[in-house]
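Notes to accompany the following structure.
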Amino acid sequence: MYGDQETIRKIFTETGNTWAIVGLSTNPHRAAHGVADVLQRYGKRIVPVHPKAETVHGEQGYPTLDSIPFKIDVVDVFVNSDLAGAVADEAVAIGAKAVWFQLGVVDEDAYDRTRAAGLDMVMDRCPAIEIPRLG
C-alpha cells in the first residue's frame with residue numbers, strides 16, 4: 001500500500017487546499033472531472049492542468065504545472081503510469097508538498113524519488129473515495 005491513512009489524513013487536513021489536477025479536462029465522462037467536483041465540495045481549490053488549458057468547474061486551466069503562477073499544495077495525477085513519473089518530478093520542481101497518483105496509476109520509482117525529495121505521496125488511491133472516510 002502506497003499511502004497509509006496517516007499520510008492521507010495529513011494531505012487532506014494539513015498540507016493545503018490548492019490541488020493541481022493533471023489530466024483534468026471538460027469531459028464529464030472522465031474520472032478526473034468527478035474527482036475534481038468532490039474535492040471542490042470538500043473545500044479544495046482545484047487547478048486544471050491539461051494541454052488545452054480549459055476552464056473546468058469554474059477554475060482557469062493551465063497547460064503545465066510550471067505555468068501555474070501561484071503555489072500548489074497537492075498534485076493529483078490522472079495520466080498513464082508511464083507518464084506519471086515525469087509529473088511527480090515536476091511536482092517536486094515546483095515545490096508542491098504532496099503528490100497523489102490516482103487509482104491504477106503506479107510508478108514505484110517515482111514514489112521512491114518523490115518521498116526521498118521530502119514530499120508526502122499516495123499512489124493507486126482515489127481522493128474522492130478517501131476524503132469521505134475522514135469523517
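In table form, for the structure just shown:
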{"item": "Leading residue by the ranking (most open to solvent (accessible area, probe 1.4 Å)) among those in segment 53-67 that are over 18 Å from E90 (Cα atoms) and in a loop (DSSP other than H, G, I, E, B)", "result": "Q60"}
{"item": "Residue match in segment 88-111 (condition: more than 15 Å from the chain's Cα centre (by Cα), assigned to a helix (DSSP H, G or I) and within 17 Å of L24 (Cβ to Cβ))", "result": "no"}
{"item": "Residue that is modelled with the highest pLDDT [pool: residues in segment 119-135 that are part of a loop (DSSP other than H, G, I, E, B) and within 18 Å of T13 (Cα to Cα)]", "result": "L119"}
{"item": "Members of segment 1-41 that are in a helix (DSSP H, G or I) and under 13 Å from H57 (Cβ atoms)", "result": "A32, H33, G34, V35, A36, D37, V38, L39, Q40, R41"}
{"item": "Count - residues of segment 26-52 that are of a type outside the set (V, I, T), within 20 Å of A84 (Cβ to Cβ) and open to solvent by less than 20 Å² (accessible area, probe 1.4 Å)", "result": "4"}
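The values are calculated or read from the model by the stated rules, or taken from the named source; none is laboratory data. Remember, it's a predicted structure, so these values are computed and weren't measured experimentally. Here the Cβ is made from the backbone with ideal geometry for all residues, glycine too, and neighbour counts use every protein chain on show. Please note that ligands, DNA and RNA were not included when accessible areas were found on the heavy atoms of the full protein model with its side chains. Shrake-Rupley method; radii C 1.70, N 1.55, O 1.52, S 1.80 Å.
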